[in-house]
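What follows draws every value from the coordinates through simple rules; no lab data is involved. Every value quoted in this text rests on a predicted model; they were computed, and no experiment measured them. Note that we place each Cβ from the backbone using ideal geometry, even for glycine, and neighbour counts take in every protein chain shown.
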Amino acid sequence: MTAPVEHSATVSPPVIRRLIDGGLIGALAIAVIGAAGYYLFPNNLALLTRMTAMALLVLSLDLVTGYCGVATLGHAALFGAGAYGAGIAAAHFGISEPLTMTLIGAVAGAVAGLVAGFVILRAHGLAQLVLSIAVIHLFHEAANKASRWTGGSDGLSGIMPNAVFGLFEFDLWGQTAYIYGLALLILVFVALKILVRSPFGMLARGVREDPVRVGAMGVSVHSVLLRVYVISGAVAGIGGALSAISTQVVGLDSLSFTLSAEALVMLVLGGTGSLYGALIGTIVFMFFEDTLSAINPFHWLTIIGALLVMVVLFAPKGLYGSAVALVGRFRRRQA
Amino acid sequence: MSTLFEVRNLRKNFGGLAVTNDVSIGLAPGDRVALIGPNGAGKTTFVNLVTGNLKPDSGNVFLGNEDITTLRAAERVRRGLIRSFQVTRLFLDMTPEEHVALAILQREGQAGRVVGHYSGRPALMQEVREILHQFGLLELSNIKAQEIAYGQQRLLEIALALALRPKVLLLDEPAAGVPQSETARIEAALKRLPADLAVLMIDHDMDLVFRFAKRVIVLAAGTVIFDGLPKDVIADARVREAYLGNYADAGSVA
């Protein structure tokens, strides 16, 4: 998205530009779209909350895959760790304050990120992808075996979160859960916007572009990636915690290969390497999933598959990335 | 003459083949040394041993008074041993301004910061502009590296190395792949490198070597066969033999 340079010496970017980079526009967009969803689909808030939790997972994946170039099919391990972390805290330790649960989810996700990152980052390329698949299966199996804590294949129930700030009870219609999730998403989005344009965010992009060059600058590539994995884990963990809080149950599916793969599909659909792409991919995928599976419960995956093939073939940068490229080309022609 | 950088009795074998065989080299501040040698002489291996990308079988590498033989590559960079690459290695999605800013941030130990943006730091921006100006890249500050000409990418590569404030700079064929018409700009940039910097340039381009270097080291079959003044290198019998006369003609240009 390079704007044509008009004058050689660059002045510090104007305030508006900074606000855009700082995520204000994005935060507003999430709030507006979120509010629209709230009023347009008042009976479907559970789906919208699921979308929000999923968006956090896809954002988290975008950090690792989009910004650092690490392809992984095991990212749900971080999400599931957050979900189980928050869920176990509530079900076994009576910690039912939602903000504390969310925090526990973030920490659990970060720890899972450290562990998963430590394993996955040992390898490169195809071996890395295979390791990531192994990681998600190990996490899944561990949760299955530790049924005393996780409820095993029956799922973990008995999660009864308190009212948010002691004021807003989690209601039957999921209004509180939805608004709580939306607030979390906005906060995380702004934090990530700040992160990706920070020096550390530039380093992460550098690792994707050329790890050898990053090393030649005196930076340990491995430690950059591991730090990204921990941050990514915290984000996914918040998503997992949100899922545990809103559905009041945690199942093994939150630690599944399927969820990992779906998250990757959503990211590719929306476009890697930009936070907006992650959000758009999640919304489009889950919207299609919901409507198509209602229309045709047997073949909706086929349509999703066809959609993905179309995107990869004709818009390889994803929906958002391709739109940006199109606008850029149009502007350049006008200039 | 104080030695800033020294390689002592460096050896590396690959499956019985001595690729680096008892190499000893010393550099002082301000040195402009060229390392040349026929293909397969072990130049690349030597660079990798020095930068820490390969481990030597024996021998030592010193920077200042410190033995850095066992240090990892990134740690050597942080101590001021910086290299450039034969084929440009840049972040194609980033602008020259971002490249240089990131290098300065890294030098200052600020590259791990998770908040803030470099453009909010006037002193840093000033230095970025000065460095880009020095290399004639100021007009291209905000254009992605993939969209600028290869010759300018090569200049950016040197600018990036310089932004890290090296004590010793290893230039691996700084003009490789650049059209003849643009090599003059790279040469001019090399001429303006800080006076107290020790530079070791690895190259085939004899014209460039003879114009740049005050001292030439010739590597053949993993051994240093010549270490002396450029004017003596052509006359040296062992060098002539090593090159089988391939570059003997290049002497007339010097």
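Can you give me the long-range amide H partners of B:Leu35? Hydrogens built in the peptide plane at 1.01 Å from N, cutoff under 5 Å, separation of 5 or more residues or another chain.
Placed amide hydrogens put B:Met201, B:Ile202, B:Asp203, B:Ile217 under 5 Å from B:Leu35.
Can you tell me which lysines have their Cα less than 20 Å from the Cα of A:Lys193? Leave out same-chain residues fewer than eight positions away.
Cross-link targets: A:Lys317.
Using Cα pairs under 8 angstrom and six or more residues apart, how large is the relative contact order of chain A, in percent?
30 percent
Need the full-extension length gain, B:Glu241 to B:Asn9, defined as separation in residues times 0.36 nm minus the C-alpha distance. One decimal, nm.
81.2 nm
Residue by residue, what Karplus-based ³J(HN,Hα) values in Hz, rounded to whole numbers, does the stretch A:193-202 have, using 6.51, -1.76 and 1.60 with θ = phi - 60° and x for Gly and Pro?
Here the 3J(HN,Hα) series is 4, 5, 4, 6, 9, 6, x, 5, x, 5 Hz.
Which values, in whole Å and largest first, are the semi-axes of the equivalent ellipsoid of the protein assembly as shown obtained as the square root of 5 times each eigenvalue of the Cα gyration tensor?
Sorted largest first and rounded, they come to 54, 26, 21 Å.
Can you give the relative contact order of chain B as a percent, counting alpha carbon pairs under 8 Å and 6+ residues apart?
Numbers: 456 pairs, mean separation 68.2, N = 254.
Answer for chain B is 27 percent.
Taking the stretch B:3-85, which chymotrypsin sites (Phe, Trp or Tyr not before Pro) meet the DSSP loop condition and have no more than 16 other C-beta atoms within 10 Å?
When the chymotrypsin sites (Phe, Trp or Tyr not before Pro) of the stretch B:3-85 are filtered for loop state and at most 16 Cβ neighbours within 10 Å, nothing remains.
Roughly what would the spin-label model give for B:Lys231 and A:Ala71, points 7 Å off Cα along C-beta, in nm?
5.9 nm
For the residue pair B:Val87 and B:Val114, what label-to-label distance in nm results when each label sits 7 Å from Cα along the Cα-to-beta-carbon direction?
In this crude spin-label approximation the distance works out to 3.6 nm.
Can you tell me how much longer the chain between A:Ile33 and A:Ile133 gets when fully stretched, taken as 0.36 nm per residue apart minus their C-alpha distance, in nm with one decimal?
Working: separation 100, 0.36 × 100 = 36.00 nm, distance 3.40 nm.
Going from the current span to full extension adds 32.6 nm.
Pairs B:Lys55/B:Lys214; B:Lys43/B:Lys231; B:Lys55/B:Lys144; B:Lys55/B:Lys231; B:Lys55/B:Lys191: which exceed 27 Å Cα-Cα?
Violating the 27 Å limit, Cα to Cα: B:Lys55/B:Lys214; B:Lys55/B:Lys144; B:Lys55/B:Lys231; B:Lys55/B:Lys191.
With all pairs of different alpha carbon atoms counted, what Kirkwood hydrodynamic radius in Å does the stretch B:61-135 show? Walk me through the numbers before you get to the answer.
Values: mean 1/r = 0.0699 Å⁻¹.
Hydrodynamic radius (Kirkwood, Cα pairs) of the stretch B:61-135 is 14.3 Å.
Count, for each residue of A:204-214, the Cβ atoms from other chains sitting within 10 Å of its Cβ, then give me the mean as a whole number.
On the way: counts 0, 5, 9, 1, 2, 8, 7, 1, 4, 8, 6.
Mean number of neighbouring Cβ atoms from other chains: 5.
What residue among A:Ile33, A:Ile133, A:Ile104 has the largest mean-square fluctuation in a Gaussian network model of chain A, using Cα springs under 10 Å?
The residue with the greatest mean-square fluctuation here is A:Ile33.
Work the Kirkwood hydrodynamic radius out for chain B: mean of 1/r over every pair of different alpha-carbon atoms, inverted, in Å. Please list the in-between numbers first.
Details: mean 1/r = 0.0525 Å⁻¹.
The Cα-based Kirkwood calculation yields 19.0 Å.
Can you list residues whose amide H is under 5 Å from A:Leu156's amide H, if they're 5+ apart or on another chain and H is modeled 1.01 Å from N?
A:Val250, A:Gly251
Counting Lys and Arg as +1 and Asp and Glu as -1, each charge on the Cβ, what is the dipole of chain A about the Cα centre in debye, to the nearest 20? Display every interim value, and only then the final one.
Working: 17 positive and 14 negative charges, 232 e Å.
Roughly 1120 debye, rounded to the nearest 20.
For the stretch A:161-318, what class follows from the C-alpha gyration tensor (a ≥ b ≥ c being the square roots of its eigenvalues): rounded when a/c is under 1.5, otherwise prolate if a/b is larger than b/c, else oblate? Each step should come with its number before you reach the end.
Numbers: a/c = 2.27, a/b = 1.24, b/c = 1.83.
The shape class here is oblate.
Could you give the distance between the Cα centres of the stretch A:57-93 and the stretch B:99-125, to the whole Å?
Answer, in whole Å: 30.
Determine the calculated [θ] at 222 nm for the protein assembly as shown from helices alone, applying -39500 (n - 2.57) to every DSSP H run no shorter than 4 residues and normalising by the residue count; nearest 500 deg cm²/dmol.
Calculated from helices alone, the mean residue ellipticity at 222 nm is -17500 deg cm²/dmol.
Please average, across the residues of B:133-140, the number of beta carbons from any other chain that are within 10 Å of each residue's own beta carbon, and give a whole number.
Average neighbour count from other chains, rounded to a whole number: 1.
What list of ³J(HN,Hα) couplings, whole Hz, do you get for the stretch B:163-171 from phi and the Karplus terms 6.51, -1.76, 1.60, once you set θ to phi - 60° and write x for glycine and proline?
Coupling constants for the stretch B:163-171: 5, 7, 6, x, 8, 10, 10, 9, 9 Hz.
Enter the mean number of other protein chain beta carbons within 10 Å of the beta carbon of each residue in B:111-122, as an integer. If you can, show how the numbers build up before the last one.
On the way: counts 11, 8, 5, 10, 8, 5, 11, 4, 8, 3, 1, 1.
Mean shielding count: 6.
Compute the projected area of the convex hull of the Cα atoms of the stretch A:17-256, averaged over all viewing directions, and report it in nm² to one decimal place.
13.3 nm²
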